Amino acid sequence: MLGHFLKAAIAAATVTGSVVVDSGSRRDVAPVKNVVLVHGAYADGSSYAKVIPLLRAHGLTVTAVQNPLTSLADDVAATRRAIAMQDGPVILVGHSSAGMVITEAGNDPKVVGLVYISAIVPDDGQSASEALKGYPPTPGLAEQKADAGGYLRLTWKGVDEDFVPDIPPAERAMVFATQGDWNSTFLSEKITTAAWKTKPSWSIIVNDRMVPPEHERAAAARIKATTTVLASGHVPMLSHPAAVAAVIIDASARAAHD
């Protein structure tokens, strides 16, 4: 999947349909050079393949975590290992279920800013199921099918209509073929302390059919995130890479650090 998208990254990267709502001005600081990208359910690090060259062209050092998707604890551990390898302050980015991961792993002292992309954003002591409680179910929920071991996969309909409806058919087929099995126990595992309470946050909200968009909007307001609204499906890194890169670059330029 990574090689498939790299060439298209620059040619396809155009910002469309975006609205930015700034939560407040921040003082000028030296840019953060290290970016750690964390993927969510049914994906891998190559879900950022169109964004990575744009960040690198801006002079940023980029690491895409390969989460095992076996549990929240395992994904957090993989992310912490990636953070530990960085040589300075870090902008930590999480897509979808990885909003849970970065909310926990983001307590690492190296992390100076959090970027949430169409993400689940928990509060202290919450699981993903608890964070989403009370919001209307999305169409994609019905297309997540469990095997005998409790690992979830998306149906073709779920990928085509709900997960990545706004990328070309050949790319949708690639996403379907390469999706990772996601352990459903993730949904009941709880974080400890929410990192967004002490770290500046950025949020990208989309026309989502996987995570309830109502949750995305409410969470962005609750955590006082600098917010970007995109006319995008659930995976804007593939359909709107330049807009996603712009948010990460903004975070790297404005997150305060020592």
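What residue, of Ser127, Ser118, is on the phi > 0 side of the Ramachandran plot, modelled with pLDDT of 95 or more and surrounded by 15 or more Cβ atoms within 10 Å (Cβ to Cβ)? Walk me through it before giving the result.
Numbers: Ser127 fails: on the phi > 0 side of the Ramachandran plot.
Only one candidate qualifies: Ser118.
Go through region 179-193 and give me each residue that's among the β-branched types (Val, Ile, Thr) and surrounded by fewer than 20 Cβ atoms within 10 Å (Cβ to Cβ).
Of everything in region 179-193, those that are among the β-branched types (Val, Ile, Thr) and surrounded by fewer than 20 Cβ atoms within 10 Å (Cβ to Cβ) turn out to be Thr185, Thr192, Thr193.
Which pairs have Cβ atoms under 6 Å, sit 6 or more apart or on different chains, and link a residue in region 123-140 that is farther than 21 Å from Ala195 by Cα and of a type outside the set (Phe, Trp, Tyr) to one that is part of a helix (DSSP H, G or I) and at pLDDT 95 or above?
Close Cβ pairs (under 6 Å, with a partner that is part of a helix (DSSP H, G or I) and at pLDDT 95 or above) amount to Pro139/Asp162; Gly140/Gly158; Gly140/Asp162.
Select from region 218-241 the residues that are of a type in the set (Gly, Ala, Ser) and surrounded by fewer than 19 Cβ atoms within 10 Å (Cβ to Cβ) and write down the one among them that is nearest to Val51 (Cα to Cα).
Restricting to residues being of a type in the set (Gly, Ala, Ser) and surrounded by fewer than 19 Cβ atoms within 10 Å (Cβ to Cβ), the top hit is Ala231.
Which number in (1) among the hydroxyl-bearing types (Ser, Thr, Tyr); (2) modelled with pLDDT of 95 or more; (3) loosely packed, with under 14 Cβ neighbours inside 10 Å marks the one condition that Thr70 misses?
Unmet for Thr70, out of (1) among the hydroxyl-bearing types (Ser, Thr, Tyr); (2) modelled with pLDDT of 95 or more; (3) loosely packed, with under 14 Cβ neighbours inside 10 Å: (3).
Every residue, every condition in (1) within 16 Å of the chain's Cα centre (by Cα); (2) modelled with pLDDT of 95 or more; (3) of a type in the set (A, V, I, L, M), yes or no:
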site: Pro169; (1), (2), (3): no, yes, no
site: Ala173; (1), (2), (3): no, yes, yes
site: Thr198; (1), (2), (3): no, yes, no
site: Ile204; (1), (2), (3): yes, yes, yes
site: Pro213; (1), (2), (3): yes, yes, no
site: Lys224; (1), (2), (3): no, yes, no
site: Pro236; (1), (2), (3): yes, yes, no
site: Val247; (1), (2), (3): yes, yes, yes
site: Ala251; (1), (2), (3): yes, yes, yes
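Of Ala148, Ala173, Ala177, which residue is within 17 Å of Thr70 (Cα to Cα) and of a type in the set (Gly, Ala, Ser)?
Ala148
Step by step: first the residues of region 101-115, then only those that are over 15 Å from Asp75 (Cβ atoms) and either at pLDDT below 95 or not hydrophobic (A, V, I, L, M, F, W, C) (or both), then the one that is surrounded by the fewest Cβ atoms within 10 Å (Cβ to Cβ). Which residue is that?
That would be Pro109.
The values are calculated or read from the model by the stated rules, or taken from the named source; none is laboratory data. Being a predicted model, the structure only gives us computed values, none of them experimental. Heads up, the Cβs are rebuilt from the backbone with ideal geometry, glycines too, and the neighbour counts pull from every protein chain shown.
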